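Only one structure is covered here, and it is reproduced in the block below.
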Amino acid sequence: MSSTARALSDRLARMQERLRDPEWRRYGYLLYFGKALGLACLFGMIFLLSSLLGDPAGAADAPPVLTGNDVVNPLNTVWTFGGRLPGVRHQVAHDA
């Protein structure tokens, strides 16, 4: 038997033994009640903050319809920057 399986069987046996003891059962109930109370407080704070901050997020209104001259062609931008940058480097190299 591997050490992990042995450790798990030891833990289960210890838990079974402790569940028979009323003091350990009370401790377990208090532990789980505390965790449940913490989660309830967390969700309560989330609800409270979301109601204080306002409306839920929603989609924005549709943007206005663009015509052909309102759109900048991305390929034109690439050609402009691609054509300018090597020229700038070329001029700097000739000036030096």
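Can you list the HN-Hα couplings for segment 59-64, worked out from phi with the Karplus curve (6.51, -1.76, 1.60; θ = phi - 60°), rounded to whole Hz and with x for Gly and Pro?
6, 6, 5, 5, x, x
Give me the base-10 log of I(q)/I(0) for segment 1-54 at each q in 0.12, 0.14, 0.15, 0.31 Å⁻¹, Debye formula, one uniform scatterer per Cα, rounded to two decimals.
Once normalised to I(0) and log-transformed, intensities are -0.53, -0.61, -0.64, -1.02.
Read-outs: derived from the displayed coordinates by stated rules, not from any lab. Quantities reported herein were computed from a predicted structural model and do not represent experimental measurements.
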